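As structure tokens, the structure follows; a few thoughts come after it.
The values are calculated or read from the model by the stated rules, or taken from the named source; none is laboratory data. This is a predicted model, so every value here is computed, not measured. Every residue, glycine among them, receives a Cβ derived from its backbone with ideal geometry; neighbour counts consider all protein chains shown. Note: areas computed on protein heavy atoms with side chains; ligands, DNA, RNA excluded. Shrake-Rupley method; radii C 1.70, N 1.55, O 1.52, S 1.80 Å.
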Amino acid sequence: MQGPNRPYHGVWYQLTEGQGCTPLPSPQNTCGLVGQTPVHAPKSYSPSSPASGPRKTRRFSENAVRAWFRSARSSVQNNGVRKDADSNLLSKQETSNLYKIQFHNVKPECLEVYNNLEAEVQKRLHQDEDYPCEVIGSWNTWYGEQDQAVHLWRDRGGYPALTECLNKLNVNKEYLEFRRERAKMLISRRNQLLLEFSFWNEPLPRPGPNIYEMRSYALKPGTMIEWGNQWARAIKHRQENNEAVGGFFSQIGNLYVVHHLWAYESLQSRDETRKSAWRKEGWDANVYDTVPLIRSMESRIMIPTSSSPLQ
């Protein structure tokens, strides 16, 4: 593919190093990755129709909390020394899901083009059964770091599925071309590999409109189990409005990092929901006990992209 002019959703843009994303005056025929017809049958859902089909969502239960505390107690020796890894104690052992979160800082003039390109690529990966990965949600940051895109992926099958997907993408010429085009739009990017807490809800597609808050906590090393102990009790206080989407902790990348993902109808709804938690017995104690575990924290308010399964 030669030349700087590329099509995205029927509009051609000029993408050149060090310059903006400028729409050209007339459309041209699409080529390459965008607009091609997928060969394989679709997966269980597509990001283009996030609410399609009934999906049973796993919600908080007292049984999950009791199982968490039994696991934590059984992993501690008489002298109080823990004899198991955080990942075994904290994560869902009945599944082998591995999550990846991506933070992309995009050139402001390229954000719309970037979103369109990402939507096309995510849709094709969803629809191709050869790739054992699926996007859970895609957002643009509204309040927080500006012109930032956040993507949450799930690999059903853990590290083997992740490795299989990466190996296939590394020889996919269309995907490599997409990465080259995307690189022209980015200022920086970073990612983390995550596991989900056993006592949190599973992040499943939901209809909108919603805004999403991602609260990220950098914990003091060695405090992840205590964090889990506190939140296994506290999560019951944050379920009434169906705001709890998912909770994750890092395995690769920045370590001892926790991400809590919440959904709200609006900023006003967020404010009212958070205030109502303080009126519930036990919530104030959870906040008091977890604050000493935190080194730093960050809140992002995010708007889902049109292709995100979490709307």
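Ordering Ala263, Trp283, Met214 by Cα displacement along the dipole of the stretch 199-288 toward the positive end leaves Trp283 in first place; charges were set at the Cβ atoms of Lys, Arg (+1) and Asp, Glu (-1).
Measuring between their Cα centroids, the stretch 184-206 and the stretch 138-162 lie 4 Å from each other.
Express the carbon and sulfur contribution to the solvent-accessible surface of the stretch 199-240 as a percent, rounded to the nearest whole number, probe 1.4 angstrom.
It is 50 percent, rounded to a whole number.
Shown here for the stretch 132-192: GluC sites (Glu not before Pro) in loop regions (DSSP other than H, G, I, E, B) with at most 11 other Cβ atoms within 10 Å, namely Glu145. Among residues other than Leu194 with Cβ under 10 Å from its Cβ, the summed charge is +1 (Lys and Arg +1, Asp and Glu -1). When the surface is traced with a 1.4 Å probe over the full set of protein chains, Cys133 keeps roughly 10 Å² accessible. For a modelled paramagnetic label at Ser276, 7 Å from Cα along Cα-to-Cβ, the residues of the stretch 189-223 in reach, with backbone nitrogen under 16 Å, are 211. Within the stretch 199-302, all pairs of alpha-carbon atoms sorted by distance into 5 Å bins from zero give the percentages 2, 11, 22, 26, 22, 12, 5, 0. Per residue, the average separation of C-alpha pairs within less than 8 Å and at least 6 apart gives the stretch 175-311 a relative contact order of 39 percent.
Over all distinct alpha-carbon pairs, what is the Kirkwood Rh of the stretch 108-253 in angstrom? The partial results should precede the final answer.
Values: mean 1/r = 0.0569 Å⁻¹.
For the stretch 108-253, inverting the mean 1/r across all distinct Cα pairs yields 17.6 Å.
The magnitude of the dipole of the stretch 161-311, with charges of +1 and -1 set on the Cβ of Lys/Arg and Asp/Glu and taken from the Cα centre, is near 460 debye.
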